[in-house]
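Asker: Mind having a look at this structure? Questions to follow.
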Amino acid sequence: MLQTALQKLNIASLNNMQQAALTAIDKKRDVLLLSPTGSGKTLAFLLPLLNFLSPKLPHSGELKGEGVQVLILVPSRELGLQIEQVFKQMDTGFKVNCCYGGHAVKTEKNNFIQPPALLIGTPGRIAYHVRNQSFDTQTVKILVLDEFDKSLEFGFEADMAFIIQSLRNLHKNILTSATKMDIIPPFTGIKNIFEVNFLNDVAQKPALKLKTVLAEGQDKLTTLFNLICKIENKTSLVFCNHRDAVERISELLYDRQIAHGTFHGGMDQPDREKALIKFRNGSYSILVTTDLASRGLDIPETAYVIHYQLPNSPDAYTHRNGRTARMKANGTAYLILGENETLPKFITDLPETEKLPENLPLPKPTDWVTFYVAAGKKDKINKVDIVGLLLQKGKLDKTELGLIEVADHVSYAAIKREKLPEVLRLLKDERIKGKKIRMGLDG
């Protein structure tokens, strides 16, 4: 099953960290996996889990297990959805569900009528389901605390402790992190844990170039604007310490007509998810965010990280930079320094200083826009339906159709920007599976 899963993911071989994790998880009761952001930890713990899932007879093409067998706790909804998507792509036949705040409780409870073999969720929402006995906790054999230090940072200790106390039949614990902790928290009940540590592995370290940009005065907005113009439309994450800074930058970029997205904890969940989708599919190349986006999100091939506000801790600095130069690729991190502002002591590598030209032209729009369909998985709509709609009815060539993402009640597809007017005209009165569904450009 492991080899089949890799083939489904189009992965030829595992890296050294993933091989070491697979062996350790297979042989040891409790495992702590430490590896940098972007090194492939999700696959490192998902693959060996397949050896421990026990199916019954197939039912409707799906393997029925003994209730929920594996519980994966994650610090954010986005990370949970990412893990769910990877597991589905492995096409194992086992059911998987993700539960999180902002998702319909009724939908989640209906999913437990036929319990998933693998359950993913944020601690708050999983604690709710445990209290309401939505699923039988006695069938859970394996617990995964993914990015567990981040869950502690977000204040989930009480929920995690409550959940763990309810799991009476655990045979295995797996903890993952991109940060080394001094001790394993006592509430986990884990005392002797086998450590797989690749934090200092040279092969895992990215080829990261560090640069500083000096701003005139205390206001960095003009400097950031000039830097964005220099970078043009290459994928970039702009990190801030506070939500109000994110919104202030967004106002500037909006005024200058530069397409971008924002991402922070004060946004509604659908808006956060849509911002990530449009960043992933290339509808815009700039995402302005807090440290919420520094870990655990599916944001591939980010060329630049910009520290608009300097990170408050070494961990924050490491995880921000981990969003670029991933999986041995090259990347650049810029630190913008205001007047009389100095680098934190934990930044020991002296970055080179870059002077920015003035009066650069605005970045050109990206090649892609996002096409919106007001229907999704719960409406019996899948990727094949979207592809058929846009290629057959919308007359797009395969090269003019990009990333497609289908959620519960909405779908998004990237299409070439120059094809949008024609697609809108051709699909004005079209139906999907005989139903009239609202669709068009997602602004």
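Nothing in this text is a laboratory measurement; each read-out follows from the coordinates by a stated rule. Note that the structure is predicted; figures quoted are calculated from it, not measured. FYI the Cβ positions are ideal-geometry reconstructions off the backbone, even for glycines, and counts take in every protein chain you see.
Asker: In Å³ and rounded to a whole number, note down the convex hull volume per residue for the Cα atoms of the stretch 2-202.
Answerer: Details: hull volume 23.4 nm³, N = 201.
About 116 Å³ per residue, rounded to a whole number.
Asker: Also, I was wondering about something else. Taking loop as defined by DSSP and a crowding limit of 16 other beta carbons within 10 Å, which GluC sites (Glu not before Pro) in the stretch 317-425 fit?
Answerer: Glu339, Glu341, Glu354, Glu358
Asker: Let me ask you something else. Quote the relative contact order of the chain in percent (integer), defining contacts as alpha-carbon pairs under 8 Å separated by 6+ residues.
Answerer: Details: 844 pairs, mean separation 65.9, N = 443.
Across the chain, relative contact order equals 15 percent.
Asker: Trypsin sites (Lys or Arg not before Pro) within the stretch 399-435: which are DSSP loop residues with at most 15 other Cβ atoms inside 10 Å?
Answerer: Those satisfying the criteria are Lys428, Arg431, Lys433.
Asker: About the Cα centre of the chain, what is the dipole size in debye to 20, counting +1 per Lys and Arg Cβ and -1 per Asp and Glu Cβ, all else neutral? Please report the intermediate quantities before stating the final value.
Answerer: Values: 58 positive and 50 negative charges, 323 e Å.
Approximately 1560 debye in magnitude.
Asker: Taking every pair of distinct Cα atoms and averaging 1/r, then inverting, what Kirkwood hydrodynamic radius in Å comes out for the chain? Display every interim value, and only then the final one.
Answerer: Values: mean 1/r = 0.0428 Å⁻¹.
Every distinct Cα pair counted, the radius reaches 23.3 Å.
Asker: Pick out, from Ala215, Gln309, Thr137, the residue whose Cα sits farthest towards the positive end of the charge dipole of the chain, with +1 on the Cβ of Lys and Arg and -1 on the Cβ of Asp and Glu.
Answerer: Positive-end residue among those listed: Thr137.
Asker: Across all directions of projection, what mean area in square nanometres is found for the Cα convex hull of the stretch 113-159?
Answerer: Details: hull surface 14.2 nm².
For the Cα atoms of the stretch 113-159, the hull's average projected area reads 3.5 nm².
Asker: Does the stretch 368-441 come out rounded, prolate or oblate, given a ≥ b ≥ c as the square roots of the eigenvalues of its C-alpha gyration tensor, rounded meaning a/c under 1.5 and, failing that, prolate meaning a/b above b/c?
Answerer: Note, shape of the stretch 368-441 comes out prolate.
Asker: Then there's this: Among Lys109/Lys180; Lys150/Lys274; Lys209/Lys345, which pairs are too far apart, with a Cα-Cα distance over 26 Å?
Answerer: Those over the limit are Lys109/Lys180.
Asker: Right, here's the next one. Count the DSSP beta bridges whose two residues both fall in the chain, then state the antiparallel fraction as a percent rounded to the nearest 5.
Answerer: Here the antiparallel bridges make up roughly 25 percent for the chain.
Asker: Quote the relative contact order of the stretch 51-183 in percent (integer), defining contacts as alpha-carbon pairs under 8 Å separated by 6+ residues.
Answerer: Contact order relative to length: 29 percent.
Asker: Also, quick follow-up: Taking the beta-carbon count within 10 Å as an exposure proxy, list Met181, Met17 from fewest neighbours to most.
Answerer: Values: Met181 13, Met17 24.
In order of increasing Cβ crowding within 10 Å: Met181, Met17.
Asker: For the chain, set up a GNM with springs between Cα atoms under 10 Å and report which of Asp244, Asp271, Asp397 has the largest fluctuation.
Answerer: Its mean-square fluctuation being the largest, the pick is Asp397.
Asker: Could I ask something else about it? Only counting other Cβ atoms within 10 Å, I'd like Cys229, Cys99, Cys240 sorted with the fewest neighbours first. If you can, show how the numbers build up before the last one.
Answerer: Values: Cys229 18, Cys99 26, Cys240 21.
So the ranking, lowest neighbour count to highest, is Cys229, Cys240, Cys99.
Asker: Once every DSSP H run of n ≥ 4 in the chain is given -39500 (n - 2.57) and the sum is divided by its residues, what mean residue ellipticity at 222 nm do you get, rounded to the nearest 500 deg cm²/dmol?
Answerer: Result for the chain, helices only: -8500 deg cm²/dmol.
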